[in-house]
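Reading through the structure tokens given below for one structure.
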Amino acid sequence: MVILLISALLGVSLLALEIFKLRRWMMPLMVMAFLAIIGGTFALWGMNENVMMQGMIVMDAYALRTTAVLTILALFWLLTQHQNIEKTGNSSDLYALLAFSFCGALLMTNFTNLVMLFLAIEILSIPVYVLAASNRSSLLSNESGFKYFILGSAASAILLFGIALLYGATGSFDLYNIHDALMSGTIAPLSWVGLAMILTGFGFKISVAPFHFWAPDVYQGAPTPITGWMATVVKGAAIFGMYRLFKGAFDGAMPHLEGILVIIIAITLVIANGMASIQSNVKRMLAYSGVSHAAFMLATMIIPGFDPQSIVLYVISYGISSLIVFSIMNQVGQTAGEELNNFRGLSQENPFSAAAMTIGLLSMAGIPPLAGFFGKYYVISGLISTHPGLTIIMVLTSVVGMYYYLKVIFAMYQKTSIPVVVEENNKVVLSLGIIALVAMMVAVQWM
């Protein structure tokens, strides 16, 4: 409970610092809060019993693992992007919004009631709608925030309607009661409609086809640091919440939903990788790449049994890789632009930035011994015996993914007479991220 209190009070404390003109303490306060949360999760790591709080949230092993992962990603994001946030001139507002969004992200990991799930989604999402449009001088940023708000609100409405229908069919918002109702026998038609609408709502939140169409425009228009937050912490929280819901409360319906999920995953992989391969804007390419990775994350829902190791590893490996890539891309974008041609010759004047982005892209592509390889390996090995056709699609589309990742890498190492020059910041932090991508396999065995 203390962990959640820290996250809830963080946003309020940041607003108080703004009132008392103590902005210089905002960044240190956020770092200390994140470290305190990580320390709290490790202090409770080996507990043998689940702590239920008012029948609404639970602190169990899954909640501790996912809370630690999201906090590590949030801390890594903060260390790599805080200088860019400070340059905006309204850092106090942005820090507070990020803190409230982070509070919603943590609630997505430990809810035991559908009412708490909906509150967590809204606490997570509403600040991000504002953050996407935070660059008020940019027409693309304003368009991004508007699109995200309209489509996100529609998805939330569909999700809420699905929750209401499921309550009407089962008579409870409690996940354990819903689990027992769905496992008891024949599932009522009303329940199927509710489950379909909840799946649709989550499909938008994690951006899988055919609910992915918002992602390229929103990712491209939002400020790059905010895009990094959306692609890692927000998406990771949504997939963690979906995993708890579908592999827990909806376990009785999963045999019937499995076929639908397989179709969604296959279509998402084909569309996302196909569209990413023809993009000339690197930010849009990364948006489609994120859609493809969302399909891999969704595939963990159909791996037999409740073993969160695969989803935890995938989220943290993809998250760290993305944050490294977005950090370098933001530096290039501020200097030259986001088109593929703007990355030409980056290695000539900025070898560290080129090397860091190369490692991040290779991890996202699934090249060993980087963590991204093991993330994909756990998913594919868990599905190969039950869904061989889907695993073949995963492998083939991953090969297509190699093509568009290598396009960026080749551009960075291409010799040119006018190479792009960027200001290299956060070398130490990015180096730690690179080390983590190499050492992730050891960490996941310990988890």
>> On the basis of being among the hydroxyl-bearing types (S, T, Y), over 21 Å from G201 (Cβ atoms) and part of a helix (DSSP H, G or I), does S92 make the cut?
In response: yes
> S310 fails exactly one of the following numbered conditions: (1) within 30 Å of I260 (Cβ to Cβ); (2) modelled with pLDDT of 90 or more. What is the number of that condition?
Replying inline: (2)
> Could you list, in sequence order, the residues of the stretch 1-36 that are under 24 Å from the mean Cα position of the chain (by Cα) and not in a helix (DSSP H, G or I)?
Replying inline: M1
> What single numbered condition from (1) surrounded by fewer than 18 Cβ atoms within 10 Å (Cβ to Cβ); (2) touching a residue at least 40 places away in the same chain (Cβ under 8 Å); (3) closer than 30 Å to I324 by Cβ fails to hold for G55?
Replying inline: (3)
>> L406 - would you say it is out of contact with any strand residue (DSSP E or B) (no Cβ under 8 Å at 6 or more places or on another chain), in a helix (DSSP H, G or I), modelled with pLDDT under 90 and not acidic (D, E)?
In response: no
>> So if I check each of G39, G46, G55, which one is of a type outside the set (A, V, I, L, M, F, W, C) and within 24 Å of the chain's Cα centre (by Cα)?
In response: G39
> Hey, does the stretch 281-294 have a residue that's aliphatic (A, V, I, L, M), out of contact with any strand residue (DSSP E or B) (no Cβ under 9 Å at 6 or more places or on another chain), crowded, with 24+ Cβ neighbours inside 10 Å and within 22 Å of D174 (Cβ to Cβ)?
Replying inline: no
> Out of G401, G372, G366, which single residue is free of Cβ contacts under 8 Å to residues at least 60 places away in the same chain, surrounded by 19 or more Cβ atoms within 10 Å (Cβ to Cβ) and under 25 Å from the mean Cα position of the chain (by Cα)?
Replying inline: G366
>> Just to check your reading of the model, which residue among I393, I418, I380 is among the β-branched types (V, I, T) and part of a loop (DSSP other than H, G, I, E, B)?
In response: I418
> Does the stretch 242-262 contain at least one residue that is at pLDDT 90 or above, part of a helix (DSSP H, G or I), more than 17 Å from the chain's Cα centre (by Cα) and β-branched (V, I, T)?
Replying inline: yes
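The values are calculated or read from the model by the stated rules, or taken from the named source; none is laboratory data. This is a predicted model, so every value here is computed, not measured. Heads up, the Cβs are rebuilt from the backbone with ideal geometry, glycines too, and the neighbour counts pull from every protein chain shown.
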